[in-house]
Structures are given as C-alpha cells and as structure tokens.
Amino acid sequence: MSEIGTDITKAGKLLQHGELVAIPTETVYGLAGNAMNESAILKIYTAKNRPKFDPLIAHVDSFDKVKKLVETIPRQALLLAEKLWPGPLTILLEKKKSVPDLLTSGLKRMAVRIPNHPLTLELLSQLDFPLAAPSANPFGYVSPTSAQHVQNQLGERVPYILDGGACSVGLESTIIGFEEDEVVVYRLGGTRVEAIEEVVGKVRLKVNVSSNPAAPGMLKSHYSPGRKVLLGDIDENLKRFDPQTTGIISFSKPYDVPAQNMAMLSASEDLNEAGRNIFSALRKMDQSQIKVILAEYLPNEGLGRAINDRLRRAAV
Ligand code: TXA
Ligand code: MG
C-alpha cells in the first residue's frame, strides 16, 4: 500500500531522490519521476509495465522551463501556450540533446505540458527538473481519476500518492504537434479541438488508431475495462442480453438493469460532466457479474469527441 496525503515537501524529497510519486492533474493522475534522470524514467516504465517504445510527457509549471528543454518553439505553439496553458494540452516540440532519449523513446520531439492543478503546480515550482508522468495505471488499463484509483492498481509500486481530489477534466490531455505549417492533433483529449482552432485556425486530425506512428501509445487497444464493449443503440442491443449480467454506459438515460450495472454520464447532457465521469464508468463495469457492456456514442463535439474516442478504443 502507498501512503496517500497532501504533503508537497515529502513528495518533492522523494522525487529528488529519484523515487516515484503519483500526482494529481486536472486530466488524470500521473505516475511521476524526474524526467532528466534515466533511472527514475526506467522505474516509471517498470511500474506501469509499459513498453519502452511508448514515450512519456514532461510536466513543468512555467513557459520559461519549457524553453530550456526544447530547441525551437513555432509561433503557433506560442499562441496556443499563451491561451491554453496551464491546461489539458500537450505539445510536441523538438527536444534539446540534454533531454534523455529514454523519455522520448528515441524520438526527436518531446511531449510537454503545464498541467492545471494547484497542488502539482506548487510541487513543480519547487523542483528544478521536469516531471515525466504517464497516466498512473498499468499499461493498457483505464486512466485513474482519483487517488484511490491509483492506490487500487499501483499501490504496491509507488511510495507516495499526492491526493488532489477528483480530476476536474477526467480525460487525458489533447496532444498536438506541427508538421510543416500545420497543427496536427494526435490524441483527442481534455482540450476541445474547437478551442485550438479558435487560436490557430483549422487543424488536421491524425487520431486514427492504425495510422499514427507519432503517438505510439495510441496504436494499441487502451482503456479496456476487461469486458466486451458493444457500441451502438443501447435499447436495441439490450434486447439480446440478460439485464442481470449486462453493464450499461449511457449518456443521459437510465436503463432497466441492476443499479450497480448502470453508469449514466450526465443526466443534463453536459459533455464536460460526461468527461469527468467516463473513466469511473468504465471502472464500474469491471465487476464479475457483468459479462458485456453496452455503450453509446455521445454528440461528436467538444469533449464528446474525446469521450467517443475512448469508447471506441475500449470496444476494440
Ligand atoms: O493528461 C495527460 O496527458 C496525462 C497526465 C498525467 O498529464 N498523461 C498521460 O500520459 O496521459 P500517457 O503516457 O498515458 O499518454 C501519453 C501519450 C502516449 O500515447 C505517448 O505515446 C504520447 O503521449 N507521447 C509522449 N511523448 C511523445 C513523443 N515524444 N512523441 C509522440 N508521442 C508522444
Ligand atoms: Mg496512459
């Protein structure tokens, strides 16, 4: 079991000694270690059981710290950073030589973001190195949105969990990069595509599971709740299954299945609320009496796009 608490000084000391600490962010909890220390990075890969070809995001608390890590910052990146950081946006930028290749799995670009969580911003401001932090779940499983989720799955592998409460966004960051003059989205997430387009105009989506070598982690089936997920018309699909052993993830409608099998994402059809609830909903479905999960697409706008993306991956 790990210790759960809000002691930033303790978290900082562990990180300075090359140990891991789970940290809260507005998106999901991260499994953090010193991004400039290869042995700390290795501990992250090992604790998560994550293949080393799947690179990690570096987290800092200021734009000045970003500048020290990367070679150049395109104008569009400056505009986006100004508008959307701190926030659920990760930007791929050409890394300096001093940044360990292990962090980026040998890629030229590194992923950076300034997360928007007061406790973690405070912790980062006290450190003179960035924090490498993938989502704090075992590889291939659903991301954690509470300290308890981390405890349940990685409790044996991380000495301290910094408790920042439930994540306010609940979906991982949106990942973008630049190809020639174009802004490219590699992962849909907590920053709405519309919000990015308001700053830089039309972007290109490259979020297809099979054609996306730039974000290697997205190649695999993720977010698996450990059951078969059927995406489509819930009313229709429910006719074919026994309600007692069927789990349901609906947008806003309740269904006639046992309460512990039912997860409704937002009674008021609020996509932000649905974003906060989607990963808990997938976790709720991980119980022995549930044999199949029925889910439906949400409106494909705002956070609905990222939620649909996660549902699609869960259904692979
Ligand atoms: O919201 C988030 O982004 C959370 C919190 C903790 O910040 N972190 C997170 O990390 O979701 P992770 O490791 O679970 O997902 C990061 C994704 C992976 O798919 C990885 O392949 C991609 O980012 N990635 C990281 N560095 C990259 C790089 N240099 N080039 C391309 N893709 C990269
Ligand atoms: Mg992850």
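Convert each backbone phi in the range 24-41 into a coupling constant with the Karplus relation 6.51 cos²θ - 1.76 cosθ + 1.60 (shift: θ = phi - 60°), then list the ³J(HN,Hα) values in order as whole Hz, x for Gly and Pro.
x, 9, 5, 8, 9, 6, x, 9, 9, x, 4, 6, 9, 10, 4, 6, 5, 4
Using amide H atoms built 1.01 Å from N in the peptide plane, name the residues 5+ places from Ser105, or on other chains, whose amide H lies under 5 Å from its own.
For Ser105, whose amide H was placed from the backbone, the distant partners under 5 Å are Leu56.
Give me Rg/Rg_expected for the range 157-316, where Rg uses Cα atoms only and Rg_expected = 2.2 N^0.38 Å with N residues.
1.12
For the range 94-150, divide the Cα radius of gyration by the Kirkwood radius and give the resulting Rg/Rh value with two decimals.
Rg divided by Rh gives 1.01.
With +1 on each Lys and Arg Cβ and -1 on each Asp and Glu Cβ, and nothing else charged, work out how big the dipole of the range 1-115 is about its Cα centre, in Debye to the nearest 20.
Dipole magnitude for the range 1-115 comes out near 360 debye.
Kindly identify the range 228-314 as rounded, prolate or oblate by the Cα gyration tensor criterion: order the square roots of the eigenvalues as a ≥ b ≥ c, call it rounded if a/c is under 1.5, otherwise compare a/b with b/c, prolate if a/b is larger, else oblate.
It is prolate, given that a/c is not under 1.5 and a/b is the larger ratio.
Find how much the distance from Gln289 to Glu179 grows on full extension, using 0.36 nm per residue of separation minus their present alpha carbon separation; answer in nm with one decimal.
34.9 nm
Over the range 29-87, what number does the Rg to Rh ratio reach, with both radii from the alpha-carbon atoms and Rh per Kirkwood?
In the range 29-87, Rg relative to Rh is 1.03.
Rounded to whole Hz and in sequence order, give me ³J(HN,Hα) for the range 102-107 from the Karplus expression 6.51 cos²θ - 1.76 cosθ + 1.60, θ = phi - 60°, writing x for Gly and Pro.
Listing the rounded values in order: 5, 5, 9, 6, x, 6 Hz.
Placing unit charges on C-beta atoms (Lys and Arg positive, Asp and Glu negative, everything else neutral), compute the dipole magnitude of the range 3-205 about its Cα centre in debye, rounded to 20.
Computed about the Cα centre, the dipole is about 400 debye.
Starting from 0.36 nm per residue, how many nanometres of slack lie between Ala166 and Glu301 once their C-alpha separation is accounted for?
That pair, Ala166 and Glu301, stretches by 46.2 nm at full extension.
For the range 3-205, what is the accessible area per residue in Å², given a 1.4 Å probe and the full set of protein chains?
In whole numbers, the range 3-205 has 40 Å² accessible per residue.
Considering every pair of different Cα atoms, what Kirkwood radius, in Å, is found for the chain?
That comes to 19.8 Å for the chain.
Among Leu42, Pro299, Ser2, pick out the residue whose Cα is farthest towards the positive end of the charge dipole of the chain, where Lys and Arg carry +1 and Asp and Glu carry -1 on C-beta, about the Cα centre.
The listed residue farthest towards the positive side: Leu42.
What does the helix-only formula give at 222 nm for the chain: each DSSP H stretch with n ≥ 4 adding -39500 (n - 2.57), the total divided by the residues, and the result rounded to the nearest 500 deg cm²/dmol?
Result for the chain, helices only: -8500 deg cm²/dmol.
Using the heavy atoms of the protein chains alone and a 1.4 angstrom probe, what is the accessible area of the range 228-314 per residue in square angstrom?
Each residue of the range 228-314 exposes 44 Å² on average to a 1.4 Å probe.
Work from the charge dipole of the range 60-140 (Cβ charges, +1 for Lys and Arg, -1 for Asp and Glu, about the Cα centre) and give the residue of Val112, Ala132, Ser62 farthest towards its positive end.
Checked the options; the winner is Val112.
Once you charge only the Cβ atoms, +1 for Lys and Arg and -1 for Asp and Glu, what is the size of the charge dipole of the range 228-314 about its Cα centre, to the nearest 20 debye?
Around 400 debye, computed over the range 228-314.
How large is ³J(HN,Hα) for each residue in the range 245-257, as worked out from phi by the Karplus curve 6.51 cos²θ - 1.76 cosθ + 1.60 (θ = phi - 60°), to whole Hz, x for Gly and Pro?
The phi angles translate into 10, 10, x, 10, 10, 10, 5, 9, 10, x, 10, 7, 10 Hz.
Rounded to a whole number, what % of the accessible area of the chain do carbon and sulfur atoms account for, probe 1.4 Å?
Within the chain, the accessible surface is 50 percent carbon and sulfur.
The values are calculated or read from the model by the stated rules, or taken from the named source; none is laboratory data. Owing to the predicted nature of the structure, the values given are computational and were not obtained by experimental measurement. All Cβ positions, even for glycine, are placed from backbone atoms using ideal geometry, and neighbour counts span all protein chains on display. Calculation scope for accessible area: heavy atoms of the full protein, side chains included, ligands and nucleic acids excluded. Shrake-Rupley method; radii C 1.70, N 1.55, O 1.52, S 1.80 Å.
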